[in-house]
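Worksheet: the structure to be examined is printed underneath.
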Amino acid sequence: TRAYSTTLAAKHMNLKRGKYYLSGPMTGVEAFNFESFHALEAAIRNAFPEAVVLNPANHPGGLEYEEYMTLDLAMVEVCDHVVLLPGWHKSPGAQRERAHAVNLGKNIIRAEKLISFSNEHRRGGLE
């Protein structure tokens, strides 16, 4: 319907130019799950070249856990969207990031939904 198309178009424009924060499990995951974070970042950049991606996998090494969380929560504050990687619900850090995002009224989207949406965009279905 027309209303659905209008909503989808508005969502597309918002996603296209948005700032994304990637949230998911790192601590206790092999290689801190960097491969998943970098793959999601690449998918977002490929689908939405105008988007800004805030990826905690790009932080410098050598900080303590709470120092990383301070940086992460600050990035949540400046983003438009928090993208949840699979397994986020098992990660205390990702749970904190999501709760902070909810309190700030940020758009929260699961990585799988965003990838599906971006694939539709690349096929030209959202122009």
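Of all residues in segment 90-107, which are under 22 Å from Phe32 (Cβ atoms) and out of contact with any Phe, Trp or Tyr (no Cβ under 6 Å at 6 or more places or on another chain)?
Scanning segment 90-107 gives Lys90, Ser91, Pro92, Gly93, Gln95, Arg96, Glu97, Arg98, Ala99, His100, Ala101.
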**Complete:** Flagged in segment 13-67 as more than 13 Å from the chain's Cα centre (by Cα), surrounded by 12 or more Cβ atoms within 10 Å (Cβ to Cβ) and aromatic (Phe, Trp, Tyr), in numbering order, are Phe32, Phe34
**Message:** Can you say whether Glu77 is buried (at least 18 other Cβ atoms within 10 Å of the Cβ) and at negative phi, as far as the supplied structure shows?
**Reply:** no
**Message:** On the basis of being modelled with pLDDT under 95 and out of contact with any Leu (no Cβ under 6 Å at 6 or more places or on another chain), does Phe34 make the cut?
**Reply:** no
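The values are calculated or read from the model by the stated rules, or taken from the named source; none is laboratory data. All of these numbers come straight from a predicted model, not from anything done at the bench. In this analysis, Cβ positions are derived from the backbone assuming ideal geometry, glycine residues included, and neighbour counts consider all displayed protein chains.
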